[in-house]
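Written below as structure tokens is the structure these notes are about.
The values are calculated or read from the model by the stated rules, or taken from the named source; none is laboratory data. In this text the structure is predicted, and so the values were computed from the model without any measurement. As a convention, Cβ positions derive from the backbone with ideal geometry for all residues, glycine included, and neighbour counts pool all protein chains shown. For the accessible areas, the whole protein counts, side chains as well, though only heavy atoms, and no ligand, DNA or RNA atoms are used. Shrake-Rupley method; radii C 1.70, N 1.55, O 1.52, S 1.80 Å.
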Amino acid sequence: EAKTAGKNGVRIFDTALEMITGEKSELLQDLHSAIERDQLALLYHPQIEISTGRCVGAEALLRWEHPRRGVVSPDIFIPLAEESGLIHEVGQWVLRRVAQDCTRLNLDYIAVNVSIKEFVRSDFIETIKTMVRDGEIDPFRIELEMTESVFIENFERTNEKLQELREMGFRFSIDDFGTGYSSLAYLKNLSIKTLKIDRGFVKDIGINPNDEVLTRTIIDIASHFEMKTVAEGVENETQLAFLKKFGCDLAQGYFFTKPIPLDAFIEWLGRRCESVAASDDADNKPE
Ligand code: C2E
Ligand code: MG
Ligand code: MG
Ligand code: MG
């Protein structure tokens, strides 16, 4: 049920399903002008190399700063953007902004979420190619995150598209791994570098042995295919220790920080570097 207690009597939604038709079309109308009114913003969420504690990359996460409703979650407006076709404009905005922000970040890569609706469009590759050719984006600094769903509809075509993007320099990760309904055959695709273990499995590490088995199994599958694993939603030391023990490569989650705007992220990175360097020094001191 929708909450009615929002600020100024504005309703706040938990999920897209809660919206009634009138509200949905109102929000959609607002979304049309969100880009030109500069209401979209990116937050960055660090990905930490578990063995060293260093931040090697980050995921860009989109927010809509709605003038009346406040910050609208992507779980609400991405489905709206997908339904209306606006997702293409939104996706391009994200890539351009990430490309600009990249120049201020000394990281291996920034991960960008690509919606399946965006990916399956026939001109997706062409659009990206043009952006790369015009020097708008540097594919070597970008990891495209997609869910397994892209492999359900047209397996062959998807593999071809990934190949083309890989030749341009992009790399890929499978988001929310283990929650889709696709065959695992796509794991043979060499351009997929990373599996992201869904937060749903990570959440109950230390509590539920079933989730622990699933997490370990995903790490095993990935290492067999020479892929890396990123655990999503790491919130505590117990989860981190478990992931380290079983060879997960990277961790992302509130344990390190919540997703933050670029300037705050740059500051956070500075502090992180200092503390990692300090603990390295301490480790190297003779007993
Ligand atoms: P996702 O790609 O799976 O992103 C991970 C989500 O988990 C993010 O939610 C992040 O804030 C949240 N998260 C990460 N660590 C933790 C944790 O330790 N605890 C908890 N409780 N949550 C954690 P967010 O930012 O609300 O994004 C939701 C989804 O919206 C994303 O899921 C992604 O599917 C979509 N999305 C976000 N940005 C974009 C975008 O630029 N384009 C597209 N197409 N989709 C996007
Ligand atoms: Mg993601
Ligand atoms: Mg995810
Ligand atoms: Mg998700």
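Apply the a/c threshold of 1.5 to the C-alpha gyration tensor of segment 224-287 and tell me whether it is rounded, prolate or oblate.
Note, shape of segment 224-287 comes out oblate.
Residues with amide H under 5 Å of HIS66's amide H, sequence separation 5 or more or different chain, H placed in the peptide plane at 1.01 Å from N; which?
VAL71, VAL72
Assign one of three labels to the chain, namely rounded, prolate or oblate, based on the Cα gyration tensor with a ≥ b ≥ c the square roots of its eigenvalues; rounded applies when a/c is under 1.5, prolate when it is not and a/b is larger than b/c, and oblate otherwise.
rounded
Kindly report the accessible area of the chain per residue (heavy atoms of protein chains, probe 1.4 Å, no ligands, DNA or RNA), in Å².
Here the per-residue accessible area is 53 Å².
Of all accessible surface on the chain at a 1.4 Å probe, what whole percent is carbon and sulfur?
Summing carbon and sulfur atoms, their accessible area is 50 percent of the total for the chain.
With θ set to phi - 60°, apply the Karplus curve 6.51 cos²θ - 1.76 cosθ + 1.60 along segment 36-47 and write out the HN-Hα couplings as whole Hz, x wherever there is a Gly or Pro.
5, 8, 6, 9, 8, 8, 10, 10, 10, 10, x, 10
Calculated FRET efficiency, LYS244 and ILE125, Cβ-Cβ r, R0 51 Å, to nearest 0.05?
Approximately 0.85, to the nearest 0.05.
For the chain, what is the relative contact order in percent, using Cα pairs closer than 8 Å and at least 6 residues apart in sequence?
Reported as a whole number, the value is 17 percent.
Using modelled amide H (1.01 Å from N, peptide plane; none on Pro or chain starts), what sits under 5 Å from the amide H of GLN47, excluding residues fewer than 5 places away?
VAL56, GLY57, ALA58, GLU59
Keeping every protein chain in place, order SER84, SER191 by accessible area at 1.4 Å, biggest value first, i.e. largest first.
So the residues, ranked largest to smallest area, are SER84, SER191.
Cα axis of helix 262-284 to longest principal axis of the chain: angle in degrees, 0 to 90, nearest 10?
10
Per DSSP H run of n ≥ 4, the term is -39500 (n - 2.57); total these for the chain, divide by its residue number, and report the mean residue ellipticity at 222 nm rounded to 500 deg cm²/dmol.
The per-residue figure over the chain is -13500 deg cm²/dmol.
Ranked highest first by the average count of other Cβ atoms within 10 Å around their residues, in what order do 253-264, 142-153 fall?
The peptides rank, most packed first, as 142-153, 253-264.
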